[in-house]
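Structure record follows, encoded as structure tokens.
The values are calculated or read from the model by the stated rules, or taken from the named source; none is laboratory data. Source: prediction; values computed, not measured. Glycine also receives a Cβ, built like all others from the backbone with ideal geometry; neighbour counts cover every protein chain displayed. With ligands, DNA and RNA removed, areas are computed over all heavy atoms of the protein, side chains included. Shrake-Rupley method; radii C 1.70, N 1.55, O 1.52, S 1.80 Å.
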Amino acid sequence: MTVILGQLFTGVSIGAVLLLIALGLSLTFGQMNVINMAHGEFIMAGAYTTYVLQKSISGAGISLIVALPVAFLVSGALGALLEWLLIRRLYLRPLDTLLVTWGVSLMLQQLARDIFGAPNVQTRAPDVLTGHITVIGGDDPLTFANSRLFILGLAVTAVVALSLTLRLTPLGRRIRAVVQNRDLAEVSGISTGRVDRTAFFIGSGLAGVAGVALTLVGPIGPTMGTNVIIDAFLVIVVGGIGQLKGSVIVAFVLGALQSVLEYSTTVSVAKVLVLVAIVAFLQWRPQGLYTLRTRSLV
Amino acid sequence: MTTTTPLAPKAGRLPGGRRRFTAARPAAGFVAAALVLFAVAPLALSDFRLGLLAKYLCTAIVAVGICLAWGRGGLLTLGQGVFFGLGGYAMAMHLKIADAGPGHVPDFMQLYGTATELPWWWRPFANPVFAIAATVLLPMAVAAILGSFIFRRRVKGAYFAILSQALAAAFAIWLVGQQATTGGTNGLTDIQGFFGYDLNDPVNQRMVYFVIAAVLLLLIALARQLMHSRYGELLVAVRDSEERVRFLGYDPANVKLVAYVVAAGMAGLAGALFVPAVGIISPALVGIVPSIELVIGAAVGGRASLTGAVLGAIGVAWARTALSEEFPAAWTYFQGLLFIVALAFLPGGLASLAAIVKRRRRNQGLSGDTA
């Protein structure tokens, strides 16, 4: 029983990390249909922001709190810049966008290597987050790490904030309008170019927030983004584009699947099995779990 | 692929603005390429440089397949490294068994101490015919299974690209994880012999080079035939308007599947030839990064043009060696810039440059002529 609960919680915490990473993508890829391979490097930028802030602000707790909005702004600004420089020229060629942003991601990685050095760096987690809470005591205790709980809370907060923004604010309404019918939005007086840039800013900013969270569970390095980005894209592909709920469900399901498979086999075999499961799932639902129904052929 | 008769020559141009296939020009180019590969390069280059060229030619073989699948079929396969790796490992497994000799296991297995006999899935590779067949058929079989699943359910575009990339990631991770039987991160290294020939002998290295060059030319000819067949026209049609092709009564899934499988077979063959040329195959050569690097050569040269893709692949591989030896950081920036410039501003690659210039010049000279 403890084992099952423990695996379940590991799954939930893997899922929370996946969700945080994929959340920004669900806006840029899921809503705007831009495949931004540099998204992983925006995560890295958020993580390095945390590192730099911790060097200049002594308290680990304060610097983590400060890092959240600052990382959002840093990564968001990088994203808006990328959108303005390159991506807006490529909206009609999604596959080329993929390769162009891969080029950007290579350059950003090298930039990080030049600034911070190739070896990984570490941040110090605040004392509150280093401990764990004990759910079941005794000989075979079941414990949850505080940092994992923090990430779970952060992921849930981010999802709620993003979905409220999309649903209730004028900006959210404009974003949804552009996603559903770009031409009609444009003739209705919405500046689609500006909406694109804002949406891209928010999506990339969320990557920065994910980067802050990742500093709590692993080292910070130039390739940290590439290691997670494929999984995040898979979450969106399986979840279906155009809405958030698919991504949320799929992130946790994939997290649980990964955790259970890792427990019963090995990490590497689990990766392969998860991919097989995804291909099998797409046989059943090629458009993903949930999809926006439109009458277009593609 | 029911027929390979060329389209009846009616109009001066085929749809898409390409000039009609006339036999003389490509044949001349083909002879020139053969001359360079078989006469000029072996005479002009040192053994070391020729060995490097052999390595570049292997990437060019992959690029032929990418040109077919991506350039003509619109299938951005970011997982060609998987097929390259399958071919490479199939070949390397046979060569390692042959190196070890009968009754012994390859050196790295002895290192881990546990294995005294070959794992069951290694055993068939002791047979040279099986191993050589597997280098091509294994990648093709994997591509066929995966492709039929993906294309039948109309998973396309970016989704296909991401799935193929995930495949590359999973394959590399799996290889690393199975250290006792695949050599883990190190891969299969230190390969000495090639079907009885000693690979340390420069003469035999030259022989390997000639084999690779011959295979490349053969595959270019094959791909060219395929592209100029009815199938080739259908493939371009699927790329440009899949739904229309479906309404005409074809099944786009089959058309795409053939291109994907052929490209996989070519990548497998390239991997198999890479092993004797370089003497190693490892997860670092098959994962996400090498897979995407295989694509960039074709993109820079011109994805839809065979000449462009092949020359682009050789050129990028050469630039990589030349630059990364002395300035590793500069190479990464340069590579990133290549992606951006080639794809954002010159999507047809360098091969389209000549056509652009020619069109400009013609428009200036004969503004009334609409060709």
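Before moving on, here are some points about what is shown:
- Boolean, residue A:76 is more than 30 Å from residue B:156 (Cβ to Cβ), loosely packed, with under 14 Cβ neighbours inside 10 Å and not basic (Lys, Arg): no
- Any hit, the stretch B:240-249, residues being aromatic (Phe, Trp, Tyr), part of a helix (DSSP H, G or I) and under 16 Å from the mean Cα position of the chain (by Cα): no
- Every condition in (1) open to solvent by 20 Å² or more (accessible area, probe 1.4 Å); (2) closer than 26 Å to residue B:293 by Cα; (3) in a helix (DSSP H, G or I) is met by residue A:52 except one, and the failing one is (2).
- Where helices (runs of 4 or more DSSP H) sit wholly within the stretch B:98-206, those with at least 2 residues that are among the aromatic types (Phe, Trp, Tyr) occupy B:128-152, B:158-177.
- Residues in the stretch A:181-200 that are part of a loop (DSSP other than H, G, I, E, B) and in contact (Cβ under 8 Å) with a residue 40 or more places away in the chain: there are none.
- Given (1) open to solvent by 30 Å² or more (accessible area, probe 1.4 Å); (2) closer than 27 Å to residue A:232 by Cα; (3) not hydrophobic (A, V, I, L, M, F, W, C), number of the condition residue A:192 does not satisfy: (1)
- The numbered conditions (1) at pLDDT 90 or above; (2) open to solvent by less than 60 Å² (accessible area, probe 1.4 Å) are all true for residue B:222 except (2).
- Checking each residue in the stretch B:164-192 for being at the interface with chain A (Cβ under 7 Å from one of its Cβ atoms) and among the aliphatic types (A, V, I, L, M) picks out B:166, B:167, B:169, B:170, B:173, B:176.
- Cross-chain or 6+ apart pairs with Cβ under 9 Å, the stretch B:235-252 first and within 14 Å of residue B:154 (Cβ to Cβ) and within 14 Å of chain A (Cβ to nearest Cβ), then open to solvent by less than 40 Å² (accessible area, probe 1.4 Å) and not in a helix (DSSP H, G or I): B:238/B:73; B:238/B:74; B:242/B:74
So that you can scan it fast, the table gives a plain yes or no per residue for (1) aromatic (Phe, Trp, Tyr); (2) closer than 28 Å to residue B:83 by Cβ; (3) in contact with a strand residue (DSSP E or B) (Cβ under 7 Å, 6 or more places away or on another chain); (4) part of a helix (DSSP H, G or I):
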| residue | (1), (2), (3), (4) |
| --- | --- |
| B:314 | no, yes, no, yes |
| B:324 | no, yes, no, yes |
| B:349 | no, yes, no, no |
| B:359 | no, no, no, yes |
| B:364 | no, no, no, yes |
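- Scan the stretch B:90-145 for residues that are closer than 20 Å to residue B:260 by Cβ and open to solvent by less than 30 Å² (accessible area, probe 1.4 Å) and the total you get is 5.
- Residue A:67 fulfils the conditions (1) open to solvent by 10 Å² or more (accessible area, probe 1.4 Å); (2) of a type in the set (A, V, I, L, M, F, W, C); (3) more than 24 Å from residue B:165 (Cβ to Cβ) except for a single criterion, (1).
- Residues of the stretch A:1-24 that turn out to be open to solvent by 20 Å² or more (accessible area, probe 1.4 Å), β-branched (Val, Ile, Thr) and within 25 Å of residue A:209 (Cβ to Cβ), as a count: 4
- Candidate set: the stretch A:217-227, residues that are surrounded by 20 or more Cβ atoms within 10 Å (Cβ to Cβ) and under 15 Å from the mean Cα position of the chain (by Cα); chosen: the one modelled with the lowest pLDDT: A:226
- Residue within the stretch A:259-279 that is touching a Lys or Arg at 6+ places or on another chain (Cβ under 8 Å) and either open to solvent by 10 Å² or more (accessible area, probe 1.4 Å) or not in a helix (DSSP H, G or I) (or both) present: no
- Every residue from the stretch B:317-326 that is under 12 Å from residue B:52 (Cβ atoms) and either within 13 Å of chain A (Cβ to nearest Cβ) or buried (at least 17 other Cβ atoms within 10 Å of the Cβ) (or both): B:317, B:320
- Residue B:335 meets the conditions (1) away from every other protein chain (no Cβ under 14 Å); (2) closer than 30 Å to residue B:213 by Cα; (3) open to solvent by less than 80 Å² (accessible area, probe 1.4 Å) in every case but one. The failed one is (1).
- Residue satisfying all of: in the stretch A:100-130; under 18 Å from residue B:292 (Cβ atoms) and free of Cβ contacts under 8 Å to residues at least 12 places away in the same chain; most open to solvent (accessible area, probe 1.4 Å) among these: A:107
- Taking the numbered list (1) assigned to a helix (DSSP H, G or I); (2) modelled with pLDDT under 90; (3) over 14 Å from the mean Cα position of the chain (by Cα) in turn, residue B:277 passes all entries but (2).
- Failed criterion for residue A:248 (all others in (1) out of contact with any Phe, Trp or Tyr (no Cβ under 7 Å at 6 or more places or on another chain); (2) within 14 Å of chain B (Cβ to nearest Cβ); (3) among the β-branched types (Val, Ile, Thr); (4) buried (at least 19 other Cβ atoms within 10 Å of the Cβ) hold): (2)
- Within the stretch B:177-191, the residues that satisfy the criterion of being open to solvent by 70 Å² or more (accessible area, probe 1.4 Å) and under 26 Å from the mean Cα position of the chain (by Cα) are B:185, B:186, B:190.
- Evaluation of residue B:258 against (1) closer than 13 Å to residue B:80 by Cβ; (2) among the hydrophobic types (A, V, I, L, M, F, W, C); (3) open to solvent by 30 Å² or more (accessible area, probe 1.4 Å); (4) at pLDDT 90 or above (one fails), failing number: (1)
- Test: residue B:329 is surrounded by fewer than 19 Cβ atoms within 10 Å (Cβ to Cβ), closer than 30 Å to residue A:114 by Cβ, touching a Pro at 6+ places or on another chain (Cβ under 9 Å) and within 14 Å of chain A (Cβ to nearest Cβ): no
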